[in-house]
Amino acid sequence: MPNGAQALMRTLVDAGVTVCFSNPGTSEMHFVAALDSAPEMRAVLCLFEGVATGAADGYARMAGKPAATLLHLGCGLGNGMANLHNARKGRVPIVNIVGDHATAHVKFDAPLQSDIETVARNVSAWVRTSQSTDALCRDAAEAVATSMGPPGQVATLILPADVSWGDGGVPAALPRITPAPCNTDDAVAAIAGVLQRGGRNALLLGGRALQEPALVAAARVAARTGAKLLTEVFPTRLVRGAGVPHVERIAYLAELASVQLGELDNLILVDARAPVSFFAYPGKKSYLVPDSCTLHHLASPTQDALGSLEKLVEQLGAAGAAPLLQPPARPGRPRGKFTADKVCKAVGHLLPDNAIIVDEAQTSGLMLPVMTAGAPRHDVLTLTGGAIGQGLPCAVGAAIACPDRPVLALVGDGAAMYTIQALWTMAREKLNVVAVILNNRAYSILNAELQRVGAAAAGANAKAQFDLSDPALNFAQMGSSMGVSSVRVTTTEEFVAALERAFKTPGPHLIEAVVPSAISGLKLKLMPLVLGALASLPAPVARSIKRKLAP
């Protein structure tokens with residue numbers, strides 16, 4: 001008869017959880033040994049827990065099902081917290097297996113003893129410490145089912161060592177998962193009526209509403225009614241490119257988002273949250289829906305977004321409406337002075353068909369959406385929770401979920417340093433990932449925020465907290481040391497050649513692009529003044545400025 005760990009492994013595999021991103025310690029040794037009892041389980045070693053959790057996030061976004069993480073005690077779970085936060089905000093399914101001390105050992109308060117459940121509750125919709133080998137597999141099956149939602153959630157199963165090594169484990173079947181319901185006929189009819197009355201209306205799409213079938217349904221609604229299609233600032237997974245309906249992302253900066261939303265009469269949420277600013281700013285609104293705009297809910301995160309959109313199409317008689325699709329278009333081959341914008345232009349020029357872009361470029365990626373709008377069809381994964389250090393790990397998970405698709409990670413230098421260990425896992429697993437690290441030698445986004453929050457008078461000591469130039473980071477050397485083919489480029493021509501070569505050559509590649517900050521100097525100083533003036537400008541002028549600052 002199997003022990004608890006072996007039965008747990010079989011339960012996970014039978015439930016469809018066939019990848020485990022691991023960073024184990026002593027308490028997890030029986031789980032590690034049990035890997036050999038289930039060859040269907042792919043175990044991926046990560047050198048830092050934040051890589052394991054970020055990789056599980058990227059995997060689930062692309063695979064549509066959860067991966068497991070294996071983490072060591074409360075400290076290990078805590079180390080992975082930031083990327084579990086991102087997964088929670090993105091409604092991504094993850095099953096954490098967190099080892100704990102054997103039950104009889106807990107009373108001694110050993111050096112690594114901690115309250116794991118309290119740590120887990122910060123990011124988990126479901127938390128349980130398994131109390132016996134007999135109960136373990138039922139707990140695990142419930143964790144998997146809960147993670148799958150709807151909506152997708154983080155579930156954390158805490159595994160005491162004696163429960164893992166105990167004899168008599170019995171694999172458990174996955175509980176029946178009830179499909180998400182559509183919104184009611186009356187609710188959909190009411191929203192159809194709102195759209196039919198005309199006015200300035202928009203659908204705000206998030207979550208599962210950003211996959212192609214739902215996008216096409218939403219585009220039919222837009223074609224019939226004239227409503228705009230918007231998506232959240234940081235969508236979990238967005239399908240875009242040539243042949244796909246175009247959706248306009250709400251801008252990160254609250255002042256620019258207010259320009260996009262300011263004239264709306266009705267905003268209809270489809271698996272999305274009402275837009276709010278990322279932070280509080282002196283004298284500025286946190287809730288970005290205008291007072292004159294009415295909010296409607298076509299599909300909540302627990303409802304079927306596609307089914308509800310299809311109901312709306314039927315109510316509007318829009319099944320025959322031709323959705324507006326993005327025409328194919330690529331920017332020309334970039335030349336001249338090397339900037340972050342030229343990096344984005346090169347991506348649009350060279351992006352392979354069916355690629356996956358993991359976008360954590362921060363300020364260096366401002367031009368990415370417009371440069372890739374007409375590129376071949378691709379998926380974009382973004383920083384859903386705002387906790388940096390997601391890009392490289394997320395690319396690991398996406399590449400494992402979709403081994404036949406090219407993965408491009410665009411990552412700022414500060415963000416890359418949070419989880420640089422992901423490069424080692426890329427090399428170990430021989431993943432087809434091209435990692436572009438945009439090295440502008442600063443936490444550039446924080447320089448911009450320093451201006452926006454009214455702390456522009458800060459002196460040299462304050463500004464030094466955002467400076468990464470002394471000592472200078474060399475990402476090409478770091479990548480090479482971890483087995484990734486790496487190159488540092490300082491000109492546009494070097495970058496285009498390196499990107500072209502990396503896309504054509506299997507295996508992981510790192511391109512360190514040394515670029516100036518996209519927001520600096522006079523532009524940085526003027527930004528708060530321009531943003532502050534937007535509300536008082538005529539709407540067409542404000543929209544023009546918005547398009548220039550955040551296309």
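Thinking of the stretch 345-417 as a set of Cα atoms, what percent of all their pairs are more than 17 Å apart?
39 percent
Summing Lys, Arg as +1 and Asp, Glu as -1, what charge do residues with Cβ under 13 Å from the Cβ of residue 7 carry, residue 7 excluded?
Combined, the nearby Lys, Arg, Asp and Glu give -2.
For the stretch 53-123, just say rounded, prolate or oblate: build the C-alpha gyration tensor, square-root its eigenvalues into a ≥ b ≥ c, call rounded for a/c under 1.5, and beyond that prolate if a/b exceeds b/c, oblate if not.
Verdict is prolate for the stretch 53-123.
Rg/Rh for the chain: what does it come to with C-alpha atoms and Rh from Kirkwood?
A ratio of 0.98.
Quick one: net charge of residue 91's neighbours, Cβ under 15 Å, K/R +1, D/E -1?
+3
Given Cα pairs under 8 Å that are at least 6 residues apart, what percent is the relative contact order of the chain?
The value is 14 percent.
Is it possible to state the helix-based mean residue ellipticity at 222 nm for the chain, with each DSSP H run of 4+ residues giving -39500 (n - 2.57), the sum divided by total residues, to the nearest 500 deg cm²/dmol? What is it?
Rounded to the nearest 500, it is -11500 deg cm²/dmol.
Under 16 Å between alpha carbons, and skipping anything fewer than 8 positions from residue 430 in its own chain: which lysines qualify?
Candidates past the 8-residue exclusion: 504.
Rounded to a whole number, what is D in µm²/s for the stretch 185-316 from Stokes-Einstein with the Kirkwood radius over alpha-carbon pairs (20 °C, 1.002 mPa s)?
145 µm²/s
I need the shape label for the stretch 120-179. Rule: rounded when a/c is under 1.5, else prolate if a/b > b/c, else oblate, with a, b, c from the alpha carbon gyration tensor.
Oblate, because a/c is 1.5 or more while a/b does not exceed b/c.
Roughly how many Å is it from the Cα centre of the stretch 475-551 to that of the stretch 284-332, as a whole number?
Cα centres, the stretch 475-551 to the stretch 284-332: 30 Å.
Which order results if 225, 236 are arranged by neighbouring Cβ count within 10 Å, fewest first?
225, 236
Which three extents, in angstrom, do the Cα atoms of the stretch 402-519 have along their principal axes, listed largest first?
Extents along the principal axes, in whole Å: 50, 29, 27.
With each pseudo-label sitting 7 Å past Cα toward Cβ, what's the residue 197-residue 276 distance in nm, one decimal?
Each label point is offset 7 Å from its Cα along the Cβ direction, giving 2.8 nm.
Rank the residues 1, 9, 417 as a footprinting-exposure proxy: fewest other Cβ atoms within 10 Å of their Cβ go first.
Lowest to highest Cβ neighbour count: 1, 417, 9.
Could you line up 314, 429 from fewest to most neighbouring Cβ atoms inside 10 Å?
Listed from fewest to most nearby Cβ atoms, that is 314, 429.
Determine the relative contact order of the stretch 344-461: mean sequence separation of Cα pairs under 8 Å and six or more apart, normalised by residue count, in whole percent.
After rounding, I find 26 percent.
Less than 20 Å apart at the alpha-carbon level, and either on another chain or at least 8 residues along: which lysines does that give for residue 65?
Result set, ordered by chain and number: 89.
Where a Cα-Cα gap under 19 Å defines reach, which lysines qualify for residue 285, not counting those fewer than 8 residues away within the same chain?
Straight-line reach from residue 285, under 19 Å: 546.
Obtain the radius of gyration and the Kirkwood radius of the stretch 4-165 from its C-alpha atoms and give Rg over Rh.
With Rg and the Kirkwood Rh in hand, the quotient comes to 0.92.
Read-outs: derived from the displayed coordinates by stated rules, not from any lab. Remember, it's a predicted structure, so these values are computed and weren't measured experimentally. Quick reminder, even Gly has a Cβ in these numbers, built from the backbone with ideal geometry, and neighbours come from all protein chains shown.
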